[in-house]
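The values are calculated or read from the model by the stated rules, or taken from the named source; none is laboratory data. The structure presented is a predicted model; accordingly, all values stated were derived computationally and were not measured. Here the Cβ positions follow ideal geometry from the backbone for every residue, glycine too, while neighbour counts run over all protein chains shown.
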Amino acid sequence: MAGETDETDETDETEEPQRVPGQPMTMIDSRSIPALTASQMREVDRIMAEDLHIELVQMVENAGRSLAELALRRFRPATVTVLAGPGGNGGGGLAAARHLANRGAGVRVTLSHAGSDLGAVPAHQLDIVTRMGIPVSAEPRPAVLVVDALIGYGLRGDPGGRTAELIDWANTQASAILTLDNPSGLDVTTGRAGTPCIRATATLTLALPKTGLAGAGETGELFLADISVPPAVYRRLGLTVPPLFDHDTIIELHSPCRTHPESPGSGSQARARKLQALQTSMTERTPAMDEQTDVVVIGMGPGGEDAAGRLAEAGLHVTGVEARLVGGECPYWGCVPSKMMIRAAGLLAEARRVPGMAGTSRVTPDWAPVASRIRDEATDSWNDKVAVDRFTGKGGHFTRGRARITAPGRGHGGDGRRRAGFPGAHRGTRRTGQPRRPGLHREACRR
C-alpha cells in the first residue's frame, strides 16, 4: 500500500497519559435544530466551496481538529488507531491523527485504499502524516480508541472490499470507537445500517445533524462540530438555524431515542419514554417468521445471563439475545482479568519484601504468564462458548444478534438470518463488550 511506513518500536497501548479533562460540553435537544439529508449536506459543501471559496481542505482541517479535540475530551486515549478512507472523511481522520499525535497520543493509521487512490485533500493530509513519522500500516493495531473515518455521507450501498474488512475488525475490538460525521456503513438520510456497519461509541457529526443519525443505535453518543459554515448557507436552503457554537465548537446532542448516561431520568416516566422511543424506532415485523416464547432477555451481560438462566431452570421458554459475548464485561475484560492482574502485582510486591525480613530475593517482573492465563484460562481467547452452552444446558434458546422491544409484550430481533416476534419481551443489561473506562480492552491483557 502506497504511503506505508514500518516502525519497529512498539507503543504500550495500556498506559494512559495524565490529562486534565476539558470543560463540560453544552448539551441541546437534537429536535431543536434542523437535520440534513445527504443531498442537503452535499449542497452545503457545494455552496461553501464554489460560492464562498471556503475550500475542502479548510473544512477537512476543521473537522479533523474537532475530532481530535472530542477524542481527548471524551476518551483521553493513550493510543489511537485511525481507519481512513480515500475521500474527505478520510482526510478528516488523517488531520485528527496529526492533532492527536501533537498532543501526546500514540497514533497509528491504516488506510482502506492505496495512497495513490486517495483524493487530493486526503493525499495531502497523508503526506503530512508520513513526513511527521506517524506509523501507517497495512494492518490495524489494537488501541484504546479506534477512529472511524472510512466513509462519509456519500455512502451508496453496503461497504465492500477492504473497507468492509476494516469495519468488521473495528467492531470486534473492545476499544471505544469514535466515528467522524457518521458511522461507516450507515445511510445518513434513512438511518439504515448496511452490512457491515460501524457500531460507534460516539459520533461527531459536522455542521448540522443528519436525519438518519439520531434514531440509529449504531450512532452511539452524538456530538456536533462547527466546520465554519456561515448562516447564509443555511438560509439559502430555507433553513432557520439558531446560534449553536457561541460557547464552544463542539456540542452534545441529546436524542429522545436515548437516555443520556448522566441524566437517566427517574421512575416509570423514564421507562415509559424509553419504551415509546423504542416503539417508534422499530422496523416492521415479519409475521410469517414469528416465534412464540415466554420470555426474551435482550442483553446477556451478567444480569441478563443470570435472569435468563433462572427463568429457563424454572421451566419457561426463554430466548436470550446477545450481539457480543454472553457474560458481559466482567468475565472477559473487567472483574476477572483485573483480579488476576492485581493478584500478580501483589505477588511481586510481597516478593520484594523478603530482603531484610526473611532472607534474600530478586524479583524480575514478567507479565507474559499473566496475559497467557487471562487469555487461555479466564477468557478462552474471548470465546463465550462455555457461557452459551451453560445457558442452553438449562433449557434456554440462544440467538446471536440484536433485538428490541417494540410494544408491551412484544420484541423484534434475530441473528441476521431470521426475524422473530416475541411476546413477553424483557430488557437485560446494556450492550456488552465496550468498557467505558479507557484502557480496559482485550489487547491490554496480551502485553
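Is there any pair with a first residue in segment 354-380 that is exposed (fewer than 10 other Cβ atoms within 10 Å of the Cβ) and a second that is in a loop (DSSP other than H, G, I, E, B) and among the β-branched types (Val, Ile, Thr) whose Cβ atoms are under 8 Å apart and which are 6 or more apart or on different chains, and what are they?
Close Cβ pairs (under 8 Å, with a partner that is in a loop (DSSP other than H, G, I, E, B) and among the β-branched types (Val, Ile, Thr)) amount to 360/354.
Is it the case that segment 52-63 has a residue that's in the same structural domain as residue 112 (by TED's automatic domain parsing), touching a residue at least 60 places away in the same chain (Cβ under 8 Å) and among the acidic types (Asp, Glu)?
no
Could you tell me whether segment 19-39 includes any residue that is closer than 20 Å to residue 121 by Cα and either assigned by TED's automatic domain parsing to the domain that holds residue 170 or at pLDDT 95 or above (or both)?
For segment 19-39, residues closer than 20 Å to residue 121 by Cα and either assigned by TED's automatic domain parsing to the domain that holds residue 170 or at pLDDT 95 or above (or both): absent.
Looking at segment 111-129, is at least one residue out of contact with any helix residue (DSSP H, G or I) (no Cβ under 8 Å at 6 or more places or on another chain) and closer than 20 Å to residue 185 by Cβ?
yes
Please tell me if residue 338 is surrounded by 11 or more Cβ atoms within 10 Å (Cβ to Cβ) and at pLDDT below 85.
no
Please pick out the residue among 170, 225 that is more than 16 Å from the chain's Cα centre (by Cα), modelled with pLDDT of 95 or more and crowded, with 20+ Cβ neighbours inside 10 Å.
Answer to the check: 225.
Being more than 25 Å from residue 207 (Cα to Cα), in the same structural domain as residue 208 (by TED's automatic domain parsing) and part of a helix (DSSP H, G or I) is the requirement here; does residue 110 meet it?
Answer is no for this residue.
Looking at segment 240-259, can you tell me whether even one residue there is at pLDDT below 90, surrounded by 17 or more Cβ atoms within 10 Å (Cβ to Cβ) and assigned to a helix (DSSP H, G or I)?
No, because not a single residue in segment 240-259 is at pLDDT below 90, surrounded by 17 or more Cβ atoms within 10 Å (Cβ to Cβ) and assigned to a helix (DSSP H, G or I).
Give the residue, chosen from 49, 68, 96, that is at pLDDT below 95, closer than 20 Å to residue 121 by Cβ and either in a helix (DSSP H, G or I) or among the basic types (Lys, Arg) (or both).
49
How many residues, within segment 382-415, are modelled with pLDDT of 85 or more and under 12 Å from residue 320 (Cβ atoms)?
Result for segment 382-415: 10.
Anything in segment 99-113 that is over 17 Å from residue 73 (Cβ atoms) and modelled with pLDDT under 95? List them, or say none.
106
Looking at this structure, is residue 328 assigned by TED's automatic domain parsing to the domain that holds residue 403, closer than 21 Å to residue 176 by Cα, touching a helix residue (DSSP H, G or I) at 6+ places or on another chain (Cβ under 6 Å) and small (Gly, Ala, Ser)?
yes
Among 121, 107, 188, which is the only one that is β-branched (Val, Ile, Thr), crowded, with 16+ Cβ neighbours inside 10 Å, under 15 Å from residue 82 (Cβ atoms) and touching a residue at least 24 places away in the same chain (Cβ under 8 Å)?
Only one candidate passes the filter, namely 107.
Specify which of the listed residues (319, 364, 360, 379) is closer than 30 Å to residue 395 by Cα, modelled with pLDDT of 85 or more and among the polar types (S, T, N, Q).
319
Mind listing whichever residues of segment 385-404 are in contact with a Phe, Trp or Tyr (Cβ under 7 Å, 6 or more places away or on another chain) and in contact (Cβ under 8 Å) with a residue 60 or more places away in the chain?
Selection gives 388, 391, 398.
Would you confirm whether or not segment 165-181 contains a residue that is part of a loop (DSSP other than H, G, I, E, B), assigned by TED's automatic domain parsing to the domain that holds residue 144 and over 21 Å from residue 142 (Cβ atoms)?
So far as segment 165-181 goes, yes, one or more of its residues are part of a loop (DSSP other than H, G, I, E, B), assigned by TED's automatic domain parsing to the domain that holds residue 144 and over 21 Å from residue 142 (Cβ atoms).
Which one of 128, 134 is assigned to a helix (DSSP H, G or I) and in the same structural domain as residue 199 (by TED's automatic domain parsing)?
Selected residue: 128, the only one of 128, 134 that is assigned to a helix (DSSP H, G or I) and in the same structural domain as residue 199 (by TED's automatic domain parsing).
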